[in-house]
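The values are calculated or read from the model by the stated rules, or taken from the named source; none is laboratory data. Keep in mind that what you see is a predicted model, and the values were worked out from it rather than measured. Cβ coordinates were reconstructed from backbone atoms using ideal geometry, including for glycine residues, and neighbour counts include every protein chain displayed.
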Amino acid sequence: MTLPSTDRILLGPGPSVMSPRVMRAMASPVLSHLDPEFVGLMDELRSGLARVFRAPEGSLALAVSGTGTAGMETAVANLVQRGTRVLAVVTGYFGERLAEMCARYGAEVRRLDVEWGRAADPDDVRKALEVSRADLVCIVHAETSTGVLNPVEAVARIAHELGAMVIVDAVTSLGGMPLDVAAWNLDAVYSCSQKGLGAPSGLAPVVFAPRALEKRVTCRSFYFDLTLLEDYWVRRKYHHTMSSSLVYALGEAVAMVEEEGLEARWARHEQNHRAFVAGVTALGLSMLVPEPARLWTLNTVRVPAGVDEAAVRRHLLQRFNMEIGAGLGPLAGQIFRIGLMGNGSTPAHVALCLAALGDALGRRPQP
Ligand SMILES: *Cc1c(COP(=O)(O)O)cnc(C)c1O
């Protein structure tokens with residue numbers, strides 16, 4: 001095996017650029033999953049995650065072994081059982097995945113489909129729930145396939161008014177975009193380690209607020225059973241062999257988020273996003289998503305007519321050692337997906353990406 005010898009500039013939809021601090025933390029000596037020193041670190045990670053999620057008192061926050069999809073499955077497997085009525089708000093690829101997962105766990109899923117590239121309208125959620133009530137509303141906060149920010153706070157308010165709980169996918173928002181589980185009254189929220197937080201992939205932060213903890217169902221999955229995970233994280237009962245290396249990495253990444261401060265971090269992501277949009281506009285390119293629904297963490301730029309998008313990505317990779325993402329599903333070939341998240345959201349990465357795009361397209365910025 002020939003290992004990579006240079007740092008790829010990771011400006012795709014994730015994983016994001018990793019800091020040397022996180023890399024070094026990961027190389028610390030391995031501890032076993034029930035070592036007294038290790039369980040102390042798990043406690044610190046739990047409280048750090050609860051603060052970063054801004055979880056309300058009485059919540060359970062922990063990191064599931066697995067990627068963002070494991071977080072999704074943990075939320076679904078513990079709140080959905082046969083016959084659970086789910087309203088799935090689908091604004092892109094990850095909304096689809098969430099709807100499908102609910103169906104696999106036996107839910108009666110109704111979909112509210114929104115055109116890819118547009119945000120959900122809370123009024124449509126209200127209408128859908130008034131026509132037919134649901135137990136659960138599922139929605140993706142930051143839809144990475146389209147670059148759209150969904151109005152999660154308003155949707156949660158409506159869902160609760162009409163008697164439903166909400167599952168929120170915060171995989172591309174946690175650590176990069178404003179998210180407040182307590183103030184927005186969200187019930188179950190999950191994320192990943194490798195996007196806004198800037199750790200390697202492999203752990204999925206999840207949080208269950210008190211109402212969701214009470215309403216948990218008998219979980220059909222052993223690995224993602226919240227009660228068993230709680231037994232391990234809180235009562236130190238063996239469930240699986242948690243990777244200490246990944247806990248060190250995520251713990252260090254969360255510490256870096258808290259040192260920077262959530263609000264300062266959100267402001268940094270907004271600033272670099274705005275600078276990037278100004279730059280692509282000067283290159284004569286346009287954004288897929290209209291304001292104010294643009295993600296700061298993931299920019300979707302339209303591929304200009306006559307341009308081979310795969311050739312542009314290849315050029316960036318070969319000439320600049322830089323990765324950006326391609327469009328998915330109905331947007332394949334039509335957009336570039338450029339992530340400016342976590343450690344990748346810096347003025348230097350913005351400038352380098354704009355220069356690389358200009359070089360690939362043979363364009364210079366116009367004032
Ligand atoms: C990346 C992503 C996921 C899936 O995460 P994995 O780490 O690839 O399993 C889920 N939802 C959204 C919105 C994502 O961006």
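Take the residues of the range 37-75 that are among the hydroxyl-bearing types (Ser, Thr, Tyr) and assigned to a helix (DSSP H, G or I): which is nearest to the chain's Cα centre (by Cα)?
Thr69
Would you point out the residue of the range 188-227, among those that are of a type in the set (Lys, Arg) and in a loop (DSSP other than H, G, I, E, B), that is farthest from Ser243 (Cα to Cα)?
Residue satisfying both the conditions and the ranking: Lys215.
Could you check, for the range 98-120, whether at least one of its residues is in contact with a Pro (Cβ under 8 Å, 6 or more places away or on another chain), buried (at least 21 other Cβ atoms within 10 Å of the Cβ), touching a residue at least 24 places away in the same chain (Cβ under 8 Å) and on the phi < 0 side of the Ramachandran plot?
Looking for residues that are in contact with a Pro (Cβ under 8 Å, 6 or more places away or on another chain), buried (at least 21 other Cβ atoms within 10 Å of the Cβ), touching a residue at least 24 places away in the same chain (Cβ under 8 Å) and on the phi < 0 side of the Ramachandran plot, one finds at least one in the range 98-120, hence yes.
Filter the range 150-187 for residues that are part of a strand (DSSP E or B) and surrounded by 24 or more Cβ atoms within 10 Å (Cβ to Cβ); which is farthest from the ligand (Cβ to nearest atom)?
Restricting to residues being part of a strand (DSSP E or B) and surrounded by 24 or more Cβ atoms within 10 Å (Cβ to Cβ), the top hit is Val166.
Considering each of Arg82, Arg126, Arg118 in turn, give the residue that is of a type in the set (Lys, Arg), part of a helix (DSSP H, G or I) and either away from the ligand (no atom under 12 Å from the Cβ) or under 26 Å from Met287 (Cβ atoms) (or both).
After applying the criteria, what remains is Arg126.
Taking only pairs six or more apart or across chains, which ones have beta-carbon atoms under 6 Å, a first residue in the range 251-266 that is in contact (Cβ under 8 Å) with a residue 40 or more places away in the chain, and a second residue that is not in a helix (DSSP H, G or I)?
Ala253/Leu197; Ala253/Gly198; Ala253/Ala199; Val257/Gly175; Trp266/Pro178
Among the residues in the range 223-241, are any among the β-branched types (Val, Ile, Thr) and farther than 20 Å from Glu73 by Cβ?
Within the range 223-241 (the criterion being among the β-branched types (Val, Ile, Thr) and farther than 20 Å from Glu73 by Cβ), the answer is yes, since at least one residue qualifies.
Take Cys102 and tell me if it is of a type outside the set (Asp, Glu), in a helix (DSSP H, G or I) and within 16 Å of the ligand (Cβ to nearest atom).
Yes; evaluated as a whole, the condition is true for this residue.
For Leu34, only one of the following conditions fails: (1) among the hydrophobic types (A, V, I, L, M, F, W, C); (2) in a loop (DSSP other than H, G, I, E, B); (3) within 20 Å of Tyr190 (Cα to Cα). What is its number?
(3)
From Gly48, Gly71, which residue is within 16 Å of the ligand (Cβ to nearest atom), within 28 Å of Ala183 (Cα to Cα) and touching a residue at least 24 places away in the same chain (Cβ under 8 Å)?
Gly71
Given the conditions (1) at pLDDT below 95; (2) touching a Pro at 6+ places or on another chain (Cβ under 9 Å); (3) of a type in the set (Ser, Thr, Tyr), and given that Ser59 satisfies all but one, which numbered condition is not satisfied?
Of the numbered conditions (1) at pLDDT below 95; (2) touching a Pro at 6+ places or on another chain (Cβ under 9 Å); (3) of a type in the set (Ser, Thr, Tyr), the odd one out for Ser59 is (1).
Does the range 129-149 hold any residues that are among the charged types (D, E, K, R) and within 12 Å of the ligand (Cβ to nearest atom), and which are they?
If the condition is that a residue be among the charged types (D, E, K, R) and within 12 Å of the ligand (Cβ to nearest atom), then Glu143 is the only one that fits.
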